[in-house]
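Notes follow once the structure below has been shown.
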Amino acid sequence: MAARFSGVLQLTELDDFIAPSQECIKPVKVDKKAGKAAARIRIEADGSYFQVNQAAAAHEQKLVVVSVSPQSRASLAARCKLGLLETAQKLTTFLKGLGVHHVFDTTFSRNFSLLESQQEFVRRFHKQAEDKKALPMLASACPGWICYAEKTHGSFIIPHISTTKSPQQVMGSLVKGYFAEQQHLPPDRIYHVTVMPCYDKKLEASRPDFFNQEYQTRDVDCVITTGEVLKLLEQEGVSLSDVDPAPLDTMLGRAAEELSSHGGGGSGGYLEHIFRHAARELFGIHAASIHYKPLKNKDFQEVTLERDGEVLLQFALAYGFRNIQNLVQKLKRGKCPYHYVEVMACPSGCLNGGGQIKLEGESSKEELQQVERLYESLRAEIPEENQAVRELYEHWLGGWGSERALQVLHTQYHAVERASSALSIKW
């Protein structure tokens, strides 16, 4: 299992990142207590597992919600040779046939993540004179990168990392918060599963920061990867192309007739959205087109905003371990020229995540290109123009920049001490 996590995360010695050390790869012993049923865990042939006593085995007690990432849909669509909307509708039918009650799209939660990231960057830009670690602001949506930063660079790098939750964890807050309220249920009566392109997302969901102490429930109860969904289809003997389509669900209960995504690449478009917002908000410039300047490779690129020869903003994207390492070294030497960096652990970003459906050799490159084409074919949504998002900000979160919005949509990071072992002792 560990080999399927991102290379960046593996380099931080996955075996001792979470305590107890095996928590992420096999179930730990559960003590039986009087008056409570012991936890039942189903173990799959590949070693993966999920808890069944409080969810799948008791649908009458729990509302089961599945949130699907657009990257996962694109990967399934490419493999099944279907359109994206068709894939989403057929996947909804399949999941509901297994007992799922609601199937949501995490593009909705990414709107919140993008909007909060935009506002956070502007706040940090204004604070840079008094706080040297306000900038550069580093993206926080990739859990592999976050684990690496917390464990390898600790308190030095953490102040630079955006506090905005990833789309997965924003979705967790929405499902166990807003949606639970609409259903008149406490958070622990909802079992929330996400479908993600990345094994690292399993670790993100297990963070103590995303556990509700009052109700003893996680914001995301279970994470399955795109490849695991394909395996589930195969185990059930179902071909997605043969499944009848079903209407798409939305958080506000309205029928969704189409899909949308966010422009700016397959990792959510953080750089582009923040760049355009900052250019407009800070300098009154409408950045209609964005020009990427590749540096050493296509996974390290710069974007610059200039006026009269003066550099106003300089952003970059850094994907993959080598580029992340170069970025960190620049920061440590005090020679990082960027105001913002979109950081992702996987080369080519989330569309190429370790949990996506993979082929071998040349076919793998062709399939990735097809996944990228499908993803980019969606209508690019502007978060500020999403009416449902605006309604939730106003009526549930108490408005833009409210204290509740900061509480619900942001998190914090922690330096993690390396565990001592015979291999790490310097003689």
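The values are calculated or read from the model by the stated rules, or taken from the named source; none is laboratory data. In this text, all values refer to a predicted model and were calculated from it rather than measured experimentally. Methodologically, a virtual Cβ is constructed for each residue, glycine included, from the backbone with ideal geometry; neighbour enumeration extends over all protein chains shown. Heads up: the accessible areas ignore ligands, DNA and RNA and are worked out on the full protein's heavy atoms, side chains in. Shrake-Rupley method; radii C 1.70, N 1.55, O 1.52, S 1.80 Å.
Assorted remarks:
- Of all the listed residues (263, 227, 237), the sole one being in contact with an Asp or Glu (Cβ under 7 Å, 6 or more places away or on another chain) and over 30 Å from residue 414 (Cα atoms) is 263.
- Near pairs, Cβ below 6 angstrom, 6+ apart or cross-chain, from region 367-391 (free of Cβ contacts under 8 Å to residues at least 12 places away in the same chain and of a type in the set (Gly, Ala, Ser)) to any residue that is open to solvent by 70 Å² or more (accessible area, probe 1.4 Å) and part of a helix (DSSP H, G or I): none
- Of the residues making up region 366-382, those that are within 20 Å of the chain's Cα centre (by Cα) and assigned to a loop (DSSP other than H, G, I, E, B) are 378, 381, 382.
- Residue in region 366-382 that is farthest from residue 262 (Cα to Cα), counting only those that are exposed (fewer than 14 other Cβ atoms within 10 Å of the Cβ) and in contact with a strand residue (DSSP E or B) (Cβ under 8 Å, 6 or more places away or on another chain): 379
- For region 217-245, the set of residues classified as surrounded by fewer than 14 Cβ atoms within 10 Å (Cβ to Cβ) and not in a loop (DSSP other than H, G, I, E, B) consists of 234, 235, 241, 242, listed by residue number.
- Restricting region 185-216 to residues that are assigned to a loop (DSSP other than H, G, I, E, B), among the polar types (S, T, N, Q) and in contact (Cβ under 8 Å) with a residue 24 or more places away in the chain, the residue that is surrounded by the most Cβ atoms within 10 Å (Cβ to Cβ): 206
- Positions within region 138-172 being among the basic types (Lys, Arg) and crowded, with 22+ Cβ neighbours inside 10 Å, in sequence order: 165
- Any chance residue 87 is touching a Cys at 6+ places or on another chain (Cβ under 7 Å), in contact (Cβ under 8 Å) with a residue 24 or more places away in the chain and part of a helix (DSSP H, G or I): yes
- Residue in region 299-315 that is in a loop (DSSP other than H, G, I, E, B), open to solvent by less than 80 Å² (accessible area, probe 1.4 Å) and free of Cβ contacts under 8 Å to residues at least 24 places away in the same chain present: yes
- Evaluation of residue 357 against the conditions (1) in contact (Cβ under 8 Å) with a residue 12 or more places away in the chain; (2) out of contact with any strand residue (DSSP E or B) (no Cβ under 6 Å at 6 or more places or on another chain); (3) surrounded by 13 or more Cβ atoms within 10 Å (Cβ to Cβ); (4) closer than 14 Å to residue 268 by Cα shows that the sole unmet condition is (4).
- Filtering region 44-87 to residues that are closer than 18 Å to residue 356 by Cβ and modelled with pLDDT under 60 leaves 46, 48.
- Lone qualifier among 155, 162, 69 - being of a type in the set (S, T, N, Q) and touching a helix residue (DSSP H, G or I) at 6+ places or on another chain (Cβ under 7 Å): 162
- Checking residue 177 against (1) of a type outside the set (S, T, N, Q); (2) within 19 Å of residue 412 (Cβ to Cβ); (3) open to solvent by less than 40 Å² (accessible area, probe 1.4 Å); (4) in a loop (DSSP other than H, G, I, E, B), the condition it does not meet: (4)
- Residue 111 passes every criterion in (1) out of contact with any helix residue (DSSP H, G or I) (no Cβ under 7 Å at 6 or more places or on another chain); (2) open to solvent by less than 10 Å² (accessible area, probe 1.4 Å); (3) polar (S, T, N, Q) apart from (1).
- Of all residues in region 120-136, none satisfies being open to solvent by less than 10 Å² (accessible area, probe 1.4 Å) and more than 30 Å from residue 347 (Cα to Cα).
For (1) farther than 18 Å from residue 167 by Cβ; (2) hydroxyl-bearing (Ser, Thr, Tyr); (3) in a helix (DSSP H, G or I); (4) open to solvent by 80 Å² or more (accessible area, probe 1.4 Å), each residue gets a yes or a no:
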residue: 329; (1), (2), (3), (4): yes, no, yes, no
residue: 343; (1), (2), (3), (4): no, no, no, no
residue: 348; (1), (2), (3), (4): yes, yes, no, no
residue: 351; (1), (2), (3), (4): no, no, yes, no
residue: 364; (1), (2), (3), (4): yes, yes, yes, no
residue: 384; (1), (2), (3), (4): no, no, yes, no
residue: 394; (1), (2), (3), (4): yes, no, yes, yes
residue: 398; (1), (2), (3), (4): yes, no, no, no
residue: 405; (1), (2), (3), (4): no, no, yes, no
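- Matching residues in region 180-199 - criterion: being among the β-branched types (Val, Ile, Thr) and touching a helix residue (DSSP H, G or I) at 6+ places or on another chain (Cβ under 8 Å): 190, 194, 195
- Any hit, region 281-293, residues being part of a strand (DSSP E or B), without any contact (Cβ under 8 Å) to a residue 24 or more places away in the chain and closer than 26 Å to residue 346 by Cα: yes
- Flag for residue 79 being in a helix (DSSP H, G or I), closer than 20 Å to residue 350 by Cβ and open to solvent by 20 Å² or more (accessible area, probe 1.4 Å): yes
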